[in-house]
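K.L.:
Before I ask anything, here is the structure I am working with.
The values are calculated or read from the model by the stated rules, or taken from the named source; none is laboratory data. Computed from a predicted structure; not experimentally measured.
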Amino acid sequence: MATEEELLERRREAERQAREARSQAARDAGHPEWADLPQNRSVARSLGVSSYFTGRPCEAGHIALKSTRSQKCEMCAGVRNPVGRPRLRPVETRTVWERRFQRAAELTIWHRTMHHLRSNGVIYKTDQKVEGDPSEAYREAARKTDATGKLHCVIYRSGRFLVRTVAD
Ligand SMILES: [Zn+2]
């Protein structure tokens, strides 16, 4: 029967081997510096670090960093958003107007009636029925509102979505 001291020693040895395996995985992935990152999400969170490295493969077999926020493998996230396809910027880096106009676009698509933004950010619905995809027009309205500081709006004329300034 093992003494308490022997058990402790075995545990230390197992931990040392796990650390070494993780360092080796980081070197094999071509990123030895990953071994210096937190090894799990709770440590990463407590340190305020945006990614961590477990050293173990993800479900798809990647040895890669994981996002602290989503717990997702960064390689898998990259595969889902391949280069060349426009990626939505993360919500927090989009401007307030981009978010508001996107919401107006979604409501317009969903209800098939126009939705306008007021300068205080409130979205209101009109009775005007629409067809087609207004997303690009709403994005343009957001860009112009951001660039000029003057609220723009999307109007619907003869089956087209047009961007105009709001007469105040
Ligand atoms: Zn993966």
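K.L.:
Among the listed residues ARG99, ARG139, which satisfies the condition of being under 23 Å from the mean Cα position of the chain (by Cα) and either in a strand (DSSP E or B) or modelled with pLDDT of 90 or more (or both)?
P.N.:
Matching residue, one of ARG99, ARG139: ARG139.
K.L.:
Moving on. It is to be established whether one or more residues within region 29-39 are assigned to a helix (DSSP H, G or I) and modelled with pLDDT of 95 or more.
P.N.:
no
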